[in-house]
Amino acid sequence: MLTAQEIRQKFLDHFKKYGHQEVASSSLIPRDDPSLLFTNAGMVQFKRLFLGQEKREYTRATTAQKCLRVGGKHNDLDNVGRTARHHTFFEMLGNFSFGDYFKEDAIRMAWEFVTEVLKLPKEKLYVTIYKDDDEAFDLWVNVAGVDPNRIYRLGEKDNFWSMGDTGPCGPCSEIHVDQGADMACGPNCGIGKCDCDRFLEIWNLVFMQYNQAADGTRTPLPRPSIDTGMGLERISAICQGVRSNYDTDLFQVFIQYMAGLAGVKYHDSPDTDTALRVIADHSRAIAFMIADGILPSNEGRSYILRRLIRRAYRFGRLIGMQEPFLWKMALKVAEVMGGQYPELNERADFMSRVVREEEERFGQTLDKGLALLESEMAARASEQSLPGDVVFRLYDTYGFPIDIVNDIAEKRGFSVDTKGFEDAMLEQRRRARANWKGSGEKDLGARFARLLEDGLKSQFVGYDTLSASGRIAALLDADAAPAESLGKGDEGYIVANRTPFYGASGGQEGDTGEMTILSAEESGKAEVIETLKPSPELTVMKIRVTEGRFLPDEEVQMEVCRETRLASARSHTCTHLLHAALRRVLGDHVRQAGSLVTPERLRFDFSHIAPMTDEELKQVEHDVNAAIMANYPVNSRVMPREEALGTGAMALFGEKYGDSVRVVTVGTDEYTESRELCGGTHLATTGQAGAFVLLSESGISAGVRRIEALTGWNALSHINRERAELAQLSGMLKSRPEEVPARVENLLKDNKALRRDLDRALAASSKNDAMTEETLNGVLVITGKLSPMPIKTLREVMDDVRSKHASGVICIAAPDAENPEGKASLILHVSKDLHGRFTAPSLIKAVAAPIGGSGGGRPDQAQAGGPNPSGIDEAFAILKQQITA
């Protein structure tokens, strides 16, 4: 019996034998497709190649791609653990041709793999093709030797694939395996007739041969391509002779480990089996998501991770787990799958910390949320339905993903008002969509699609020089459309066959500078106001013409602004020094999560759970400045990717690297301060950075921190500004600079004491303010308009008044002490014995309206604030109307 590991390796080796380049799996975060939440197929990392927007050193590729399907049309979360085939995380085996071989070779290699390498019985195999694809039919019969009676023609729904409404598309062909008559769904079971598991699709071969226009017409592509996909989990089940993917070695190792933790047995009961399958599936997804830099929060991809952790944690409770356990499962995933995916081992410790912290946080609220859910279901036993606002309250207050509510409700026969929940979540959902749709790179590929499709390239010479001449290879107007010329005052884009201008990429801003026409007949000058990089081999300069006219094919002289380039280089080299310092001080779990390198400042995002302490910040700043003062040389070298990684060079997750990479090393032959894969521009020595000043450290999402800093002249200017401000404070306080902190501390103490005395005086004087007591509708109602005071003092007055009255409604209000004309506060108390008739929150909304505010609070006490103190008397009148209504 073949293991899943053996199947994966045999697949890759099979296609490598036929000249395919083995390409490492890309990140679960799609780099080139901001419309996708997650990488959900093997072809995602090759999309630009299929669209003709990028070229690589190979035209054949094979991959084992990590994929995740939990959003959009692939949202199978409710079925995960309940069926034999549904998963969140899965591996897609694929082979690809980018204008190289086409149908014949794709069919021949696929059939050879399933029948000769995997040795699946031919008598159990069937093939489907697109209804009009006679070419594929002939090839399956004549090249693969498939019996024509085992080939089925299906329609567009089943056997035609497209990348979108427009673009590359084509027929596809699928290989199916017959699992036996006992798997049939009924007498009408058959290929193309049902979706049961008897005739199981194991491999899809997509023949990209057309380009679809907006009107639906299809024209042949000049270089047809191949995209295939085979799920490792599914083919493993077939090869291992089991009917469920969860019974393969891919999942059993995790199911049995979890069963051991919980003290239960697999196949003992349906509920236990479902829980073990859910936990095994979700644990794989959780580990891979965190390894790729996704951390739990309430937005976008991070919310999906949080949902998976909390859903798995709740299923753990169902099999008796009271303490956090998923962090152990995540470590088990790293142990088992880290050989194929080394990023799991590299981040294992950090991963377990993130998962455990999330488990502990959710564990604190789970029981309260379950109690509320049980209460709501008991109150609605007759209608058997949960309203959307209840589901939203569970989410908003207790962190319950709707998946948990659905799981519990379904088991109890309740329906869930999903639409009501989604309406309540509309603003959060809009923010989440904005978050993940904007998380991909700036979509320059679409703007400059024509240039990319034409294969236009520009040679970057800016590592060695800031000045170069070149020929205008493309001239575009401000809308990136071809232009015959650009005159004075016009803005547009220029591509030169060679350029010293660095195009924005890797977090570094693009260069600016000047461009001049080199011609005896023509004269012209332009500012280069931005430099873009739509692809690794194409640099586009955005210009504003200041003199003359620019035409295609003219020779131009290009000059990069030396000051801004050097300032950017200071920032960029210091991000490398900062990254190294953070890993030394905080630990190896620190990985770059984003950066911005500009001439003015640098911003560095990194993975770390907790805010940094003052001592850690001081140490990091010290380490970076120590590296600057050491004046280490900064060298770059291009080398094979695997060799570079073997030297310990840091690579960024989600970043695509070619076979050859540029390695930037800071240090000497005896000592390496930093070594990273990087295509940016850098200093010659660290001493050129001058100085490094850390401005701030903050959290930007769960598990991701951000540091902002200054270098060089910007750092010096900042120090001078702070020095001037300190001198000004010293003068105001009549003290030496080193005495300022103690002097300010004493002033704050004095101010606090004076404020306390004032509050006491205000509270005492309020006793002389008139309080009105009257009985309305059998309720004692006390109102009082007090002298101006802060809200804290107003609360103390309320505590004093309510202590003297066991029953009643009390409302006191006062203008603000610091802004008596423009702000008022109001506090309303309702004693517990009256809660059957009134609560403070139910009364305060209308009562607060005259002061221009709204409020809320507990059933016994609520407060409100507003900008209209003159409305206090009207507020009391409204309160009395509500009591007597």
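The values are calculated or read from the model by the stated rules, or taken from the named source; none is laboratory data. Just so you know, these numbers come straight off a predicted model, no measurement behind them. Quick reminder, even Gly has a Cβ in these numbers, built from the backbone with ideal geometry, and neighbours come from all protein chains shown. Side chains are part of the model used for accessible areas, which takes the heavy atoms of the whole protein and leaves out ligands, DNA and RNA. Shrake-Rupley method; radii C 1.70, N 1.55, O 1.52, S 1.80 Å.
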Given Cβ point charges of +1 (Lys, Arg) and -1 (Asp, Glu) and nothing else, what value in debye, to the nearest 20, does the dipole of region 519-640 about its Cα centre take? 420
Before rounding to the nearest 500, sum -39500 (n - 2.57) across all DSSP H runs of length at least 4 in the chain and divide by the residue total; then give [θ] at 222 nm in deg cm²/dmol. -12000 deg cm²/dmol
Determine the principal axes of the Cα atoms in region 455-546, then give the extent along each, sorted from largest to smallest and rounded to whole angstroms. 36, 28, 24
Starting from 0.36 nm per residue, how many nanometres of slack lie between T219 and N635 once their C-alpha separation is accounted for? 144.8 nm
Work out the FRET efficiency for K265 and E360 from their Cβ-Cβ distance, taking R0 = 30 Å, and round it to the nearest 0.05. 0.60
Take S842, project a point 7 Å from its Cα along the Cβ direction, then tell me which residues of region 368-384 have their backbone nitrogen under 14 Å from it. none
Placing +1 on each Lys and Arg Cβ and -1 on each Asp and Glu Cβ in the chain, then taking the dipole about the Cα centre, the residue among L617, L476, Q65 whose Cα reaches farthest towards the positive end is L617
What whole-number distance in Å separates the alpha-carbon centres of region 720-762 and region 851-868? 34
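Which value in Å is the Kirkwood Rh of region 519-659 over different Cα pairs? Spell out each step's value before the answer.
Working: mean 1/r = 0.0533 Å⁻¹.
Kirkwood radius, region 519-659: 18.8 Å.
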Using every alpha carbon pair in the chain, what percent of pairs falls into each 10 Å bin from 0 up to the bin containing the largest distance? 2, 10, 15, 18, 19, 15, 11, 7, 3, 0, 0
Around A817, which amide H atoms from residues at least 5 apart in sequence, or from another chain, sit under 5 Å from its own amide H, with H modelled in the peptide plane? M789
In terms of the ratio Rg/(2.2 N^0.38 Å) built on C-alpha atoms, what value belongs to region 486-589? 1.36
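How charged is the neighbourhood of G369? Take every other residue with its Cβ under 11 Å from the Cβ of G369, and add Lys/Arg as +1 and Asp/Glu as -1.
0
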What trypsin sites (Lys or Arg not before Pro) in region 111-183 are in a loop by DSSP, with at most 12 other Cβ atoms within 10 Å of the Cβ? K119
Could you tell me which of L139, F604, G808 has its Cα farthest along the dipole of the chain towards the positive end, charges placed at Cβ (Lys, Arg +1; Asp, Glu -1), taken about the Cα centre? G808
Set of lysines with alpha-carbon distance to K103 below 19 Å, sequence-local pairs under 8 removed: K16, K17, K131
Could you give me the ³J(HN,Hα) list for region 371-377, computed from phi with Karplus coefficients 6.51, -1.76, 1.60 and θ = phi - 60°, whole Hz, x at Gly and Pro? 5, 5, 4, 4, 4, 5, 5
Cα centroid distance between region 202-258 and region 577-643, in Å? 40
For I29, enumerate residues with amide H under 5 Å from its amide H, sequence gap 5+ or separate chain, H modeled in the peptide plane. T39
Integer Hz, Karplus 6.51/-1.76/1.60 couplings in order for region 133-147, x for Gly and Pro: 8, 5, 4, 5, 4, 4, 5, 4, 6, 8, 8, 8, x, 7, 4
Along principal axes, Cα extents of region 476-515, largest first, whole Å: 31, 21, 19
Taking 0.36 nm per residue of sequence separation and subtracting the Cα-Cα distance, how much length would be gained by fully extending the chain between Q881 and D349, in nm to one decimal? 185.3 nm
Amide proton proximity set for R549, modelled H, under 5 Å, gap of 5+: S523
Stretch gain in nm, segment H835-D553, where the contour uses 0.36 nm per residue and the Cα spacing is subtracted: 93.2 nm
Counting only protein heavy atoms and rolling a 1.4 Å probe, one gets per residue an accessible area for the chain in Å² of 45
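How many times 2.2 N^0.38 Å is the alpha carbon radius of gyration of region 815-856? Kindly include the intermediate steps, with their values, before the conclusion.
Working: Rg = 12.4 Å, N = 42, 2.2 N^0.38 = 9.1 Å.
Rounded to two decimals, the normalised Rg is 1.36.
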³J(HN,Hα) computed for each position of region 299-314 - Karplus, 6.51 cos²θ - 1.76 cosθ + 1.60, integer Hz, glycine/proline x: 9, x, 4, 5, 6, 4, 4, 4, 4, 5, 4, 6, 5, 5, 4, 5
Summarise the accessible area of the chain (1.4 Å probe, protein heavy atoms) by the percent that is carbon and sulfur. 48
Two-site label geometry, E818 and Y18: point separation in nm, points 7 Å out along Cα→Cβ: 7.5
Based on the alpha-carbon set only, what is the convex hull volume of region 61-204 divided per residue, in Å³? 144
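Distance cut-off 26 Å, Cα to Cα: go down the list K752/K804; K66/K328; K457/K525; K332/K618; K66/K533; K193/K411 and report the pairs above it.
Long pairs (Cα-Cα over 26 Å): K752/K804; K332/K618; K66/K533; K193/K411.
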